[in-house]
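In what follows, a single structure is set out as structure tokens and then discussed.
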Amino acid sequence: MHVQEWLETVPPLSIYLLVGVVIGLESLGIPLPGEIILVSSALLASQHGEINPVILGACATTGAIVGDSIGYAIGRKGGRPLLAWLGAKFPRHFSEGHIATAERSFQKWGMWAVFFGRFIALLRIFAGPLAGVLRMPYWKFLTANVLGGILWAGGTTAVIYYVGVVAEAWLKRFSWLGLVLAVLVGLTSLLVVKRKAAKATAAAEQEPEPANAGG
């Protein structure tokens with residue numbers, strides 16, 4: 001069953017909780033499809049008036065910020081042994097190569113790696129725990145965490161919701177073609193931000209590691 005079809009069978013309150021919990025667990029460091037759940041729920045909200053997009057966006061934002069903060073605390077306490085444990089449990093997501101890539105991004109961009117990490121699936125999982133492991137000052141982490149959480153979770157909800165509303169209106173006038181075009185426009189706006197963040201990460205990978213990374 002498609003995610004959105006399944007969500008249609010879930011009461012609105014449960015959808016709010018599901019979005020907050022799944023995004024929170026993903027931000028904490030557990031590989032879950034937070035973005036898929038959020039996009040599907042926002043589209044559903046545009047089609048069913050009983051789901052409030054403002055509440056949905058607030059739940060997604062809260063889950064993102066709280067989950068990242070818990071991940072930071074766990075990473076700060078667990079240190080590098082935590083990364084080794086995660087690598088054993090989730091080798092596909094926490095391989096040595098992925099950890100090295102994320103670490104280079106942090107060395108290059110600092111707190112902005114947390115902010116832009118919201119828009120990249122790999123860094124979205126890594127950001128909280130890795131910031132804690134690397135002992136990033138909490139005020140820097142919190143600033144980037146809150147701003148990134150609001151822009152990613154709240155912004156994604158708003159964009160997808162309004163794309164769905166426009167698509168619904170177009171669908172009545174231009175059949176399925178209007179829906180396809182509206183969705184493409186909305187997704188393009190999201191991909192622009194994601195591509196910029198991905199380019200920043202790729203540039204960081206090509207940079208030579210500093211002589212004293214811990215400085």
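The values are calculated or read from the model by the stated rules, or taken from the named source; none is laboratory data. All values reported here derive from a predicted model rather than from experimental measurement. Don't worry about glycine lacking a Cβ; one is built from the backbone with ideal geometry, like all the others, and counts go over all protein chains shown.
Values for this structure:
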{"item": "Selection count where residues are under 19 Å from ALA45 (Cα atoms), of a type outside the set (A, V, I, L, M) and at pLDDT 85 or above, scope the stretch 115-171", "result": "7"}
{"item": "LEU32 being part of a helix (DSSP H, G or I) and either surrounded by fewer than 22 Cβ atoms within 10 Å (Cβ to Cβ) or not acidic (Asp, Glu) (or both)", "result": "no"}
{"item": "Residue among SER46, SER27 that is of a type in the set (S, T, N, Q), within 30 Å of LEU134 (Cα to Cα) and out of contact with any Ser or Thr (no Cβ under 6 Å at 6 or more places or on another chain)", "result": "SER27"}
{"item": "Pairs, first in contact (Cβ under 8 Å) with a residue 40 or more places away in the chain in the stretch 24-42, second buried (at least 24 other Cβ atoms within 10 Å of the Cβ) and of a type in the set (D, E, K, R), C-beta under 7 Å, six or more apart", "result": "GLU26/ARG124; SER27/ASP68; SER27/ARG124; GLY34/GLU26"}
{"item": "ARG124 vs. criteria under 15 Å from MET136 (Cβ atoms) and either touching a Cys at 6+ places or on another chain (Cβ under 7 Å) or of a type in the set (Lys, Arg) (or both)", "result": "no"}
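For (1) among the charged types (D, E, K, R); (2) surrounded by fewer than 22 Cβ atoms within 10 Å (Cβ to Cβ); (3) outside any helix (DSSP H, G or I), each residue gets a yes or a no:
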{"position": "PRO81", "(1), (2), (3)": "no, yes, no"}
{"position": "ARG104", "(1), (2), (3)": "yes, yes, no"}
{"position": "GLY132", "(1), (2), (3)": "no, no, no"}
{"position": "LYS140", "(1), (2), (3)": "yes, yes, no"}
{"position": "ILE150", "(1), (2), (3)": "no, yes, no"}
